[in-house]
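Some notes on the structure that comes next.
The values are calculated or read from the model by the stated rules, or taken from the named source; none is laboratory data. No experiment lies behind these values; they were computed from the predicted model shown. Please note: Cβ atoms are built from the backbone with ideal geometry, for glycine as well, and neighbour counts cover all protein chains shown.
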Amino acid sequence: MSDKTKLPVGYEAIRDKGWLNAHKFLLLRRASQLFFLALFLLGPWFGIWWFKGNLSGSLTFNFLPLTDPFITLQGMVAGHWPALTALIGALIVGVAYAVIGGRVYCSWVCPINPVTDGAHWLHDKLGMTKGWQPKKETRYYVLGMVLIVSMLTGTIAWEFVNPISMVHRGLIFGVGFAWAFVLAVFLFDFAVSRRGWCGHLCPVGAFYGLLGTGSVLRVTANKREACDDCMDCFAVCPEMHVITPALRGSDDDTPLILSPDCTNCGRCIDVCSVDVFEFTHRFDDTPAPGRVRQKSTPAPKADKAA
Amino acid sequence: MSAPKSKKPMDRRRFLKDASRGVAGCALAGMGLTQFVSDARALPAQAIRPPGALEESDFLAACIRCGLCVRDCPYDTLSLAELGLDGPATGTPFFTARDVPCEMCEDIPCVVACPTGALDHNLTNIDDADMGVAVLIDEEACLNALGLRCDVCYRVCPVIDDAITLELRTNERSGAHAIFMPVVHSDACTGCGKCEKSCVLPDESAIKVLPKRIAQAHSADHYKLGWEENNPLVDELIDLPDRLPGSGTDNLAAPGGFLPGDLPDPSMEGGFTSGFKLPGTGGAGQ
Ligand code: SF4
Ligand code: SF4
Ligand code: SF4
Ligand code: SF4
């Protein structure tokens, strides 16, 4: 661990690249999240009905149908074969995320993301302990559980509790007491389990992660040689285990972050003062030497740091 | 080399422990979710699903709660249920007839808009819609039932004279007047709720649309209404053997049981002798 580890997260990035550059993807992401909400609010608020529906299913320009593939899958498991429109919609959405990264949904679209990010920010500010950390397979268990319950009850089971649709639909169609689910997620992430919801439990994230296993858009740590061990990327990454293999890999290991858990949020790019990371595609094979000189000793240590 | 070897069983044990813990946790959460889903599935009587909605149990497997039906309803009839405020499963479409009834659009835009088929696209004639059935639920308050001429529910009904008719009855109270009783016929009523909306009584309506599962009873399979056409009391006539008093009821020579000679003398002279013999009594009648 270098002395720099002790500096506040993002300190050097802001100093070296300026505040704006050190928050570029964060700002873009917030803008994107707002954008996807605003699209649907144009109708109810301003009477412009270009985009109708919500994230579960929508119709754009009275022409383009989009459907959430996970909800569609639950419906099928529950015993309803959806009409063609919904199937086409699910296919379009599914293919799109399979290409740009399944969990792009999580970091660029999902309205719960700002909530859990907010919870994490507060959690950090108050210096709380990480709390309960479920195993990394837990989300897949939850995913399986949701599908089983859908089958047993013959309903789209997750939609009875899904905080994502609750908040998105709520803001567009009227929220009722659905905010309670959002509050519950916030409190859970804040007080019970650091990054617990999006990082360990949410079956929607698990589903999209699996969907994007082979996605083309990826983050690479191709300038990993320049890494100065400030550890800021680990501090900001919502799925920090994805960074280690790429950043700490040796010459022969790919610098690409290939884990399906990576949300393509780009915060690591923002926060790195020496620009180790950038967006690329998964076929990028630009040689990226590992940090050969330190290879012998720091490797196990780095593992621990992750 | 020996170190990793000895680690292996440990890893496996740990894996099994973690896995079983995860599975158990999820089973618990799954039971909770199942319970929650079962509770939240109950559909209150006043919440009417849009036209063409599948049977409730199928509907919850089909509807993705996108609200496109809500958006395309030109009369703002439909809304998506809000958690804790409205009865139906949160986010699913419904309407409350007393607030805004369904106007029975000819092109049924709500059904057309539905991407999943939760609203059945086979419904192309709105008169075939089956959202529920109106029931004259309070005959003590209905003005027509009291012998007045209100008729409002009858007049607003889009399927007037088929779905609601006015049936003439004697007004027992006055003894001299008629009662025009609004009567709903479930085969023609679409459940649009126009009648419920328009009932002139303050607050609650005397006529209400209810889901068919609540409003309709079914007679048992073996009941026969003999006066209905093509509905005979017995499936086919059964020809039972004729057994009449007379000598030898199984006498094929005399199918009626009487031989002409056996007939008693119509003048009844010498008393009546029955040709009928009880077995073992020597032929003497009682
Ligand atoms: S038939 Fe017309 S009024 Fe009735 S729910 Fe559908 S869109 Fe609305
Ligand atoms: S359009 Fe269909 S899937 Fe969407 S909310 Fe209405 S009934 Fe449900
Ligand atoms: S609900 Fe009332 S108005 Fe509508 S069809 Fe039935 S009887 Fe007529
Ligand atoms: S509108 Fe109401 S009060 Fe009038 S006849 Fe119909 S049910 Fe009775």
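Here is a yes/no grid of residues against (1) surrounded by 18 or more Cβ atoms within 10 Å (Cβ to Cβ); (2) among the charged types (D, E, K, R); (3) in contact with a strand residue (DSSP E or B) (Cβ under 6 Å, 6 or more places away or on another chain):
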{"site": "B:R13", "(1), (2), (3)": "no, yes, no"}
{"site": "B:A24", "(1), (2), (3)": "no, no, no"}
{"site": "B:G30", "(1), (2), (3)": "yes, no, no"}
{"site": "B:V37", "(1), (2), (3)": "yes, no, no"}
{"site": "B:P44", "(1), (2), (3)": "no, no, no"}
{"site": "B:A53", "(1), (2), (3)": "yes, no, yes"}
{"site": "B:C73", "(1), (2), (3)": "yes, no, no"}
{"site": "B:T77", "(1), (2), (3)": "yes, no, yes"}
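Looking across segment B:125-148 at every residue that is among the β-branched types (V, I, T) and under 17 Å from B:P101 (Cα atoms), the one that is nearest to ligand 3 (Cβ to nearest atom) is identified as B:V133.
A quick yes/no check of all residues on (1) part of a loop (DSSP other than H, G, I, E, B); (2) within 9 Å of ligand 1 (Cβ to nearest atom):
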residue: B:E82; (1), (2): yes, no
residue: B:L85; (1), (2): yes, no
residue: B:G91; (1), (2): yes, no
residue: B:C105; (1), (2): yes, yes
residue: B:V111; (1), (2): no, yes
residue: B:M131; (1), (2): yes, yes
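For segment A:209-306, the helices (runs of 4 or more DSSP H) that sit wholly inside it and include 1 or more residues that are at pLDDT below 90, closer than 21 Å to A:R15 by Cβ and among the small types (G, A, S) are A:232-236.
Take the conditions (1) modelled with pLDDT of 85 or more; (2) within 7 Å of another protein chain (Cβ to nearest Cβ); (3) crowded, with 18+ Cβ neighbours inside 10 Å; (4) part of a helix (DSSP H, G or I); B:C66 misses just one of them, which is (4).
Among the residues of segment B:87-109, those identified as farther than 17 Å from B:P211 by Cβ and within 16 Å of ligand 3 (Cβ to nearest atom) are B:V100, B:E103, B:M104, B:C105, B:E106, B:I108.
Among the residues of segment B:21-52, those that are among the small types (G, A, S) and either under 14 Å from B:A89 (Cα atoms) or within 7 Å of chain A (Cβ to nearest Cβ) (or both) comprise B:G22, B:A29, B:G30, B:S38, B:A40, B:A42, B:A45, B:A47.
Filtering segment B:133-169 to residues that are more than 10 Å from ligand 4 (Cβ to nearest atom) and part of a loop (DSSP other than H, G, I, E, B) leaves B:E140, B:G147, B:P158, B:V159, B:I160, B:D161, B:D162, B:A163. Tallying residues that are among the hydroxyl-bearing types (S, T, Y) and within 11 Å of chain A (Cβ to nearest Cβ) within segment B:72-103 yields 3.
Being more than 12 Å from ligand 2 (Cβ to nearest atom), at pLDDT below 95, among the charged types (D, E, K, R) and not assigned by TED's automatic domain parsing to the domain that holds B:V112, is that true of even one residue in segment B:85-98? No; the residues of segment B:85-98 include none that is more than 12 Å from ligand 2 (Cβ to nearest atom), at pLDDT below 95, among the charged types (D, E, K, R) and not assigned by TED's automatic domain parsing to the domain that holds B:V112. Given the conditions (1) closer than 30 Å to A:W132 by Cβ; (2) modelled with pLDDT under 85, and given that B:L33 satisfies all but one, which numbered condition is not satisfied? Result: B:L33 passes all but (2). Residue count for segment B:119-169, restricted to those that are in contact with a His (Cβ under 8 Å, 6 or more places away or on another chain) and surrounded by 15 or more Cβ atoms within 10 Å (Cβ to Cβ): 4.
Taking the criterion of being outside any helix (DSSP H, G or I), among the β-branched types (V, I, T) and in contact (Cβ under 8 Å) with a residue 40 or more places away in the chain, would at least one residue in segment B:41-49 satisfy it? So far as segment B:41-49 goes, yes, one or more of its residues are outside any helix (DSSP H, G or I), among the β-branched types (V, I, T) and in contact (Cβ under 8 Å) with a residue 40 or more places away in the chain.
Applying the criterion of at least 2 residues that are away from ligand 2 (no atom under 16 Å from the Cβ) and more than 11 Å from chain B (Cβ to nearest Cβ) to the helices (runs of 4 or more DSSP H) found wholly in segment A:9-91 leaves A:11-17, A:24-46.
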